[in-house]
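Remarks on the structure that follows.
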Amino acid sequence: MFRLLMYLIPLALTIYAFIDCLNTPEDEAKHLPKIAWVFIILLFWIVGPIAWLAAGKLRTPPAGGRTPSEWHRNHRMEYVAPDDNPEFLNSLKAERKNDEALLKDWEADLRRREEELRRREAGEEPTGD
């Protein structure tokens, strides 16, 4: 069992460091280019991952946050509470107007049907509207 752990722990450390290196933006890799860190991690099985974790990456998060993807860096959104978001408030106004118009149509249809029902009960001929 201990022999197996002697291989699994360094392998897990290497895999973790490798994935961490790949997900790190290029400008956050310290001392060497990111591709050099990848080779160090893969070639020097125990020392490479430890070196990466100790000295290879800028560990303080930058202000405003970061993601490894270039698309996400260029399309970052600032979240605003719904009460302060003018687009959300305008969408509520538009929905309210649509709902009011729909309600008016339903009320007009209901009045028309009630009038037709009254005419049928009174024995009058329905008018073609």
Between ARG112 and ALA55, what is the label-to-label distance in nm when each label sits 7 Å out along the Cα-to-Cβ direction?
8.2
Return the lysines within reach of LYS57: Cα separation strictly under 23 angstrom, same-chain partners fewer than 8 residues apart disregarded; answer none if there are no such residues.
LYS30, LYS34
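Given a 1.4 angstrom probe, I'd like the percentage of the accessible area of segment 5-60 that is carbon and sulfur, rounded to a whole number.
Numbers: 2790 of 3550 Å².
Answer for segment 5-60: carbon and sulfur cover 79 percent of the accessible area.
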Could you run the Karplus curve 6.51 cos²θ - 1.76 cosθ + 1.60 with θ = phi - 60° over segment 94-108 and give me ³J(HN,Hα) per residue in whole Hz, x for Gly and Pro?
5, 5, 5, 4, 5, 5, 5, 5, 5, 5, 4, 5, 5, 5, 5
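The values are calculated or read from the model by the stated rules, or taken from the named source; none is laboratory data. If you're wondering where the values come from, they're calculated on a predicted model, not measured in any experiment. Neighbour counts are summed over all protein chains in view; Cβ atoms, including those assigned to glycine, are modelled from backbone coordinates with ideal geometry. SASA here: full protein model, heavy atoms, side chains in, ligands and nucleic acids out. Shrake-Rupley method; radii C 1.70, N 1.55, O 1.52, S 1.80 Å.
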